[in-house]
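Have a look at the structure below, then the notes.
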Amino acid sequence: MTPPTFEKAVEQTKAKLAGRFWLVGTWHSGGIKGRIQASKSDHESFSLLRLDIAHALERDRDISPPEKEWLIGFLNGSIEEPRPPVGAPKQPATPLMIFDLVSGLVEQGLRATRNDTSPPTSACDAVAQAIHEVEVGGRGSGSARANKRFEPGKAPKSYGRVKRIWQAEKRKRNSG
């Protein structure tokens, strides 16, 4: 398989950031019903599901009947957000998103990282560039700032930050 060019990798990543939530169908093997089930007891799963549905509605996209049923339950109070674990980060979706975006480009043949003297053409470089372009391009262009995936000023727009997040998430997955 021929890896995508760096420019194509950046464009693919921007499209994922602009589309429905980047982890649909990948972060939980049980599909939407599995995601909803996981959201009942897992704070991170709950946050991801809520972000996904909100993002779809912001963009006037249809949501599935189970998502609609979950949203109604959340709005009427019959579904409550699980408590986050003590010391949980305020942006639980960021590491999962970075891991998913970088891993997707690695699966297409890009190297995940590079040494500091190499040209910026790794998957981490592409993800950082895409986030930067969406962050900067989102303001004033009519699209939501980075699809509201990040708190203001918290988007990992540098190679170093994306690399550190990706490596930490990879270690976490490999140790468990």
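Extension gain, GLN108 to ALA168, is 19.5 nm, computed as 0.36 nm per intervening residue step minus the present C-alpha separation. Each label was represented as a point 7 Å from its Cα along the Cα-to-Cβ direction; for THR2 and GLN37 these points are 4.3 nm apart.
A simple spin-label model places the labels of HIS132 and ASN115 2.3 nm from each other, with each point 7 Å out along Cα-to-Cβ.
The modelled label-to-label distance between GLU81 and ARG61, using points 7 Å beyond Cα along the C-beta direction, is 2.2 nm. Taking Lys and Arg as +1 and Asp and Glu as -1, the other residues whose beta-carbon sits under 12 Å from that of GLU7 total -1.
The numbers here are math on the coordinates, done by the rules we state, and not lab data. Small disclaimer: the values here were computed from a predicted structure and weren't measured. Quick reminder, even Gly has a Cβ in these numbers, built from the backbone with ideal geometry, and neighbours come from all protein chains shown.
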